[in-house]
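Novice: Sharing a structure here in structure tokens format.
No value in this document is a laboratory result; all are computed from the given coordinates. Keep in mind the model is a prediction, meaning the values are calculated, not measured. A quick note on method: Cβ atoms are made from the backbone with ideal geometry, for glycine too, and the neighbour counts reach across all protein chains shown.
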């Protein structure tokens, strides 16, 4: 016969084992709209429906750039195809498509936390002719077609960066970046989303492709499209102001943010 003390010990050990097994069970992942797994460290803050779109907002303590990358990567892992910078319902960010659906990853900053909104809905149907659109007293912000802004970097070799973007909300997005270093040397970049290609040159030299100089189009595009997220956010929250923000331990001041400026074709032609 087993002694009572031994029975008690067995019961305790069994309880501990069950508790340990439960604690070691993987947590069910949080699933976002469109079927992607929400990155670890983010919690769901709100969910709403506007027209035919679902908007879910998450918050976490990552920096904005990394958070947008993590959510964008999570969508790509569920076969969402990136289409570049886009805008839905006034939100602006990284756009995606899958079958007859579109998705958008948009970021903002609230206090010491980053908020990521994921919007999913049907692809827009053919637009109604402009003359048939009723006028509204409280119109939404105009569609973003182009953007330009200047960044000043503290204590960096590159001190100033001018960024230009056009054909936003289309597959033909193009970027032009002009960077000026502390020695007064200027290096420029042109990126085309449609062709997934980029060019670079020092001032007064010939353009060279990213492939020729060993640069990654994807990494460069992700970095600067994220900076455009910052610029667009600051233009709405602090219109007309210079705004300083620390990104990856580098303090960047955003200035002269313009939405829908007229940009000459020559800016985007590597000739």
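Novice: Expected output is a single nm value to one decimal: the length gained when fully extending between residue 186 and residue 110, i.e. 0.36 nm times separation in residues minus the C-alpha distance. What is it? Spell out each step's value before the answer.
Specialist: On the way: separation 76, 0.36 × 76 = 27.36 nm, distance 3.51 nm.
Separation in residues times 0.36 nm, less the Cα-Cα distance, equals 23.8 nm.
Novice: Something else: If you rank 157, 173 by fewest surrounding Cβ atoms within 10 Å, what's the result?
Specialist: Values: 157 10, 173 23.
Least to most surrounded, the residues fall as 157, 173.
Novice: What nm value, rounded to one decimal, do you get for the distance between residue 255 and residue 216 when each label is placed 7 Å out toward the C-beta?
Specialist: The answer from the label model is 3.2 nm.
Novice: Ok, one more. Could you compute the FRET efficiency for residue 50 and residue 101, with r as their C-beta to C-beta distance and R0 at 22 Å, rounded to 0.05? Each step should come with its number before you reach the end.
Specialist: Working: r = 15 Å, r/R0 = 0.70.
With a Förster radius of 22 Å, E is 0.90.
Novice: Let me check the size of segment 146-268 from its C-alpha atoms; what are the radius of gyration and Dmax in Å?
Specialist: My reading of the Cα-based Rg and Dmax gives 14.2, 40 Å.
Novice: OK, next. For each of 105, 114, count neighbouring Cβ atoms within 10 Å of the residue's Cβ, then give the residues from fewest to most. Provide the component values of the computation, followed by the final result.
Specialist: On the way: 105 28, 114 21.
Least to most surrounded, the residues fall as 114, 105.
Novice: Taking the convex hull of the alpha carbon atoms in segment 43-122, what volume per residue do you get, in Å³?
Specialist: Details: hull volume 6.7 nm³, N = 80.
Residue-normalised Cα hull volume stands at 84 Å³.
Novice: Also, I was wondering about something else. Please find the FRET efficiency linking residue 203 to residue 79, where r is the Cβ-Cβ separation and R0 is fixed at 41 Å, and quote it to the nearest 0.05.
Specialist: Numbers: r = 42 Å, r/R0 = 1.03.
After rounding to 0.05, the efficiency reads 0.45.
Novice: Fewest first, what order do 238, 189 take by the number of other Cβ atoms within 10 Å? Write out the running numbers ahead of the final one.
Specialist: Values: 238 12, 189 21.
Placing the least packed residue first, the sequence is 238, 189.
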